[in-house]
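What follows is a short report on a single structure.
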Amino acid sequence: MTRPDPDTPPNLTDLGQLAQNRKRARTSGMFLHELAADEVKDRLTEVNRTFTKPAIVTGFPEIWSNAFPDAKIVADQDVLDLDQGAHDLVVHGLSLHWSNDPVGQLIQAKRALKPDGLFMAVLFGGQTLAELRAILSEVEIAQTGGLSPRVLPMGEIRDLGALLQRAGFALPVADSDLREVTYGSATALFRDLRLMGERNALEQRLKSPLTRAFLREIESRYAAHFPADQNRISASFDLVFLTGWAPDDSQPKPLRPGSAAARLADALGTDESKLPD
């Protein structure tokens, strides 16, 4: 029997459970994937470039292949099926948040790009399901006196943007689009998460189902704390977009400190005052 290496951190995601969750997903629950794919397409129209060798990394090929019919569709496995330097565009489509090694995924995507090729990722960020996290914690502490992993921890935009730099991308940019969706009840929200394949797949999750009393308390507290119009509840989905370029000599470079040819004071038309020592 092989013992786990004590110096190796445990996986965040149970990939077997994630695969099962995705098999149970339904097209009717994929509106956020469709929204994300449409947003990626809109952003690409703003890039002054024609992409002829695109690749899409995703756990939901049917959605993303419809949006990008000419792209190579690649499963979001630990080792991506991408050839080195084969693509001028790689998109990571709304699955990077489940990766046990997101930096490794980014590095593999960069290696698959030609020089000056574009990488774009869309993933769920830290404000996603903030309301549900708060209610689950509140109810679990009240009923059990403790907490257990029930919702995937997702990165904040600053930390996610830093991943691009760690992976070696040039001109990295990160921004987010916070969307509010309303549901008839917390049960309806849970059903939608199941339909989009986003149920709990954490390695350290509790495997026992929620009790009816627990669910009733979630329903009650959610409706009281996060109401929306027409007796509905609100849920946040934070779509984070990461953009970076494979390094190339043609790209703009920051100036070396002290190499400026003109003074800022001259450009502003003001007098320069030296600070006291």
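Here are some notes:
- Filter result (open to solvent by 30 Å² or more (accessible area, probe 1.4 Å) and either more than 14 Å from the chain's Cα centre (by Cα) or under 20 Å from Asp249 (Cβ atoms) (or both)) within segment 153-167: Gln165, Arg166
- Breaking point among (1) crowded, with 19+ Cβ neighbours inside 10 Å; (2) of a type in the set (Ser, Thr, Tyr); (3) more than 14 Å from Glu198 (Cβ to Cβ), for Thr52: (1)
- Whichever residue in segment 230-263 is among the polar types (S, T, N, Q) and touching a Leu at 6+ places or on another chain (Cβ under 8 Å) and, among such residues, is modelled with the lowest pLDDT: Gln251
- Selection over segment 55-86 of residues that are open to solvent by 100 Å² or more (accessible area, probe 1.4 Å) and touching a Lys or Arg at 6+ places or on another chain (Cβ under 8 Å) gives a count of 1.
- Residues in segment 195-217 that are surrounded by 12 or more Cβ atoms within 10 Å (Cβ to Cβ), in a loop (DSSP other than H, G, I, E, B) and not hydrophobic (A, V, I, L, M, F, W, C): Gly197, Glu198, Arg199, Asn200, Glu203, Arg205.
- Meets criteria (open to solvent by 30 Å² or more (accessible area, probe 1.4 Å), of a type in the set (S, T, N, Q) and closer than 30 Å to Val103 by Cα) for Gln230: no
- Residue in segment 128-137 that is nearest to the chain's Cα centre (by Cα), counting only those that are in contact (Cβ under 8 Å) with a residue 24 or more places away in the chain and open to solvent by 30 Å² or more (accessible area, probe 1.4 Å): Ala130
- Of all residues making up segment 21-49, the number that are touching a residue at least 24 places away in the same chain (Cβ under 8 Å), open to solvent by 50 Å² or more (accessible area, probe 1.4 Å) and among the polar types (S, T, N, Q): 2
Residue-by-condition table, conditions (1) buried (at least 17 other Cβ atoms within 10 Å of the Cβ); (2) at pLDDT 90 or above; (3) closer than 30 Å to Ala71 by Cα:
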position	(1), (2), (3)
Pro115	no, yes, yes
Val122	yes, yes, yes
Gly125	yes, yes, yes
Val139	yes, yes, no
Thr144	no, no, no
Ser148	no, no, no
Val151	yes, no, no
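The values are calculated or read from the model by the stated rules, or taken from the named source; none is laboratory data. Given the structure is predicted, the values throughout are model-derived calculations rather than measurements. Because the Cβ atoms are built from the backbone with ideal geometry, glycine has one as well, and the counts that use them run over all protein chains shown. Ligands, DNA and RNA are excluded from the accessible area calculation, which covers all protein heavy atoms including side chains. Shrake-Rupley method; radii C 1.70, N 1.55, O 1.52, S 1.80 Å.
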